[in-house]
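Written below as C-alpha cells is the structure these notes are about.
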Amino acid sequence: MANPYARNPGLANTYMTLDQRGKVQAEYIWIDGDGEIRGKTTTVDSPVNSIKDLKEWNFDGSSTNQAPGGNSDVYLRPAAMFPDPFRLGDNIIVLAECYNNDGTPNKSNHRYACKKIMDQVTAQKPWFGIEQEYSLFDMDDKPYGWPKGGFPGPQGPYYCGVGAGKVYARDLVEAHYRACMYAGVNISGINAEVMPAQWEFQVGPCEGISMGDHLVMARYLLIRIAEEWGVKVSFHPKAVPGDWNGAGCHTNYSTEDMRNPGGMKAIDDAIEKLSKRHEAHIAVYGADNEKRLTGKHETGHIGQFSAGVANRGASIRIPRHVAAQGYGYLEDRRPASNIDPYQVTGIIAETTLLQ
Ligand code: ADP
Ligand code: MN
Ligand code: MN
C-alpha cells in the first residue's frame with residue numbers, strides 16, 4: 001500500500017552510503033517538557049569510545065516547553081550512547097540529561113533523581129523488566145489498519161495473533177525489534193496485544209539506571225522507524241475509548257535477595273512496603289491512568305492496592321512460576337504506557353529498599 005507520507009528510502013540510500021571521511025554523526029536525544037522525545041545531530045571528528053569524550057551541548061528550551069524565552073538555553077549532558085541503526089558505521093545515538101542554566105536538573109530530567117536512588121542501592125542489584133504496550137495510528141489519527149468509518153471485530157483473535165485480519169503492521173514491529181538489537185538495547189521480546197493495532201515490546205532485565213536508558217532508547221527507535229512508515233505511535237493509556245484494552249507498562253522487579261532461593265520472603269516484604277505507598281506510586285504511574293485502571297480489562301482498580309499469585313486483576317502479580325519455585329520477581333501492573341521509566345523504577349527502588 002503506497003503511503004503518501006512515507007519518504008522514499010531507496011532515494012536516500014544513494015546518499016547514506018557516501019563516505020563520511022572519518023567523521024561521526026552523534027544524534028543527541030532527550031525528553032522534552034511534555035515527555036516527548038526530541039533529537040538533533042552534531043558532527044564529531046573521530047569515533048567515540050566513551051560518553052566522557054562527548055561534549056556537553058545545548059538547545060533552545062523555550063521551543064520544547066523546558067525553559068522561558070528570556071533564559072532559554074538548556075544543557076544536554078551525555079548519559080548513555082548506542083550504535084545508530086539508521087546511519088550505521090561509527091555513528092551513535094546519545095541519550096542526554098537536561099540541565100538548566102544554573103546547573104539544576106531541568107523539570108523534564110527525572111533521570112537525575114532516579115540515579116541518586118539507584119546509586120544508594122547498588123549492593124541489592126535491582127533488576128527491572130518493562131513491558132511497553134503501545135498503539136499505532138495512521139496520519140488521519142485512526143487506529144492503524146482499522147476499517148475506514150467502522151470498527152474491527154471485538155477483541156479476541158488479536159492477542160499474539162497470526163494471519164491477515166488478525167495482526168497489523170508486523171513489518172514495522174519486526175524492523176523495530178532488529179534495530180533495538182543492533183543498537184544494543186536489551187529487548188527481550190515482542191507480542192501483538194489484545195486490541196488490534198496495539199503491540200508490546202519487553203526490555204530487560206536491566207539493572208538500576210540502565211532500565212530507563214534502554215526503555216527510552218527503545219521508544220525512540222520505535223517512533224523514528226514508525227516515522228518512515230508514516231505511522232504515529234501512541235503511548236496513551238487508553239488510546240481508543242470504549243471496550244478496547246488500555247495500554248500499560250507492567251514493571252517487573254527483583255533484588256538479589258528475591259532472586260535467591262527463599263526469596264519469597266523478600267518479595268512479600270516488598271509488597272507490604274508497596275501497599276503502604278499506593279498513592280505516591282500512582283502519582284508517578286502515568287497521566288490518564290484512571291481511564292485504564294478501572295478494574296476491568298485485566299487491571300486492578302486505581303483506588304485500591306491488591307496483590308496475588310497469577311492474578312492479572314491485581315496491582316501486583318506474583319507470576320505462578322515464581323510462587324511455585326519460591327523465589328524470583330514481582331510484576332507491578334499499575335504503571336501506564338506513558339510513564340517516565342526513571343520515575344517508576346526510582347520510586348520502586350526507593351519504597352522497597354530505602355523506606
Ligand atoms: P508477562 O508474564 O507479564 O507476560 P513478559 O514475559 O512479557 O511478562 O515480560 C517479563 C519481563 O520481566 C521481561 O522483560 C523480562 O526480561 C523481565 N524479567 C524476567 N526476570 C526478571 C527478574 N528476575 N527481575 C526483573 N525483571 C525480570
Ligand atoms: Mn507481557
Ligand atoms: Mn505483564
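The values are calculated or read from the model by the stated rules, or taken from the named source; none is laboratory data. Not measured: the values here are computed from a predicted model. FYI the Cβ positions are ideal-geometry reconstructions off the backbone, even for glycines, and counts take in every protein chain you see.
Would you call GLU331 farther than 23 Å from LEU215 by Cα and either without any contact (Cβ under 8 Å) to a residue 12 or more places away in the chain or within 16 Å of ligand 2 (Cβ to nearest atom) (or both)?
Values: farther than 23 Å from LEU215 by Cα: no; either without any contact (Cβ under 8 Å) to a residue 12 or more places away in the chain or within 16 Å of ligand 2 (Cβ to nearest atom) (or both): yes.
Spelling it out, it is not the case that GLU331 is farther than 23 Å from LEU215 by Cα and either without any contact (Cβ under 8 Å) to a residue 12 or more places away in the chain or within 16 Å of ligand 2 (Cβ to nearest atom) (or both).
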Fill in the blank from the handout: Checked pairs for the range 79-103, first farther than 13 Å from GLY184 by Cα and without any contact (Cβ under 8 Å) to a residue 40 or more places away in the chain, second among the β-branched types (Val, Ile, Thr) and crowded, with 22+ Cβ neighbours inside 10 Å, C-beta under 9 Å and 6 or more apart or across chains, list as TYR99/VAL74; ASN100/VAL74; ASN101/VAL74
Practice task
Report whether or not GLY230 is in contact (Cβ under 8 Å) with a residue 12 or more places away in the chain and either surrounded by fewer than 24 Cβ atoms within 10 Å (Cβ to Cβ) or not assigned by the TED database to the domain that holds HIS297 (or both).
Solution key: yes
Fill in the blank from the handout: Within the range 76-95, residues being part of a strand (DSSP E or B), in contact with a helix residue (DSSP H, G or I) (Cβ under 6 Å, 6 or more places away or on another chain) and within 18 Å of ALA175 (Cα to Cα) number 2
Exercise for the section: Give the residues of the range 303-320 that are of a type in the set (A, V, I, L, M) and under 16 Å from GLY248 (Cβ atoms), sorted by residue number. Expected result: ALA314, ILE316
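The rows are residues; the columns are (1) crowded, with 20+ Cβ neighbours inside 10 Å; (2) within 16 Å of ligand 1 (Cβ to nearest atom); (3) on the phi > 0 side of the Ramachandran plot.
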position	(1), (2), (3)
SER63	no, no, no
ALA67	yes, no, no
PHE82	yes, no, no
GLY89	no, no, yes
LEU95	yes, no, no
ASN101	no, no, no
THR104	no, no, no
ASP119	no, no, no
THR122	no, yes, no
Problem - Members of the range 276-293 found to be surrounded by 14 or more Cβ atoms within 10 Å (Cβ to Cβ) and free of Cβ contacts under 8 Å to residues at least 40 places away in the same chain, listed by number - result: HIS278, GLU290
Practice task
May I ask you to say which residue of PHE82, PHE137 is at pLDDT 95 or above and not assigned by the TED database to the domain that holds PHE235?
Solution key: PHE82
Exercise for the section: Can you tell me which residue within the range 140-175, out of those that are touching a residue at least 60 places away in the same chain (Cβ under 8 Å) and closer than 25 Å to ASN289 by Cα, is surrounded by the fewest Cβ atoms within 10 Å (Cβ to Cβ)? Expected result: ASP141
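Here is a yes/no grid of residues against (1) away from ligand 3 (no atom under 16 Å from the Cβ); (2) at pLDDT 95 or above; (3) not β-branched (Val, Ile, Thr):
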position: GLY161; (1), (2), (3): yes, yes, yes
position: TYR168; (1), (2), (3): yes, no, yes
position: TYR177; (1), (2), (3): yes, yes, yes
position: PRO205; (1), (2), (3): no, yes, yes
position: GLY208; (1), (2), (3): yes, yes, yes
position: MET211; (1), (2), (3): no, yes, yes
position: MET217; (1), (2), (3): yes, yes, yes
position: GLU228; (1), (2), (3): yes, no, yes
position: VAL231; (1), (2), (3): yes, yes, no
Exercise for the section: Output yes when any residue across the range 334-350 is acidic (Asp, Glu), in a loop (DSSP other than H, G, I, E, B), more than 16 Å from ligand 1 (Cβ to nearest atom) and touching a residue at least 12 places away in the same chain (Cβ under 8 Å), and no when none is. Expected result: yes
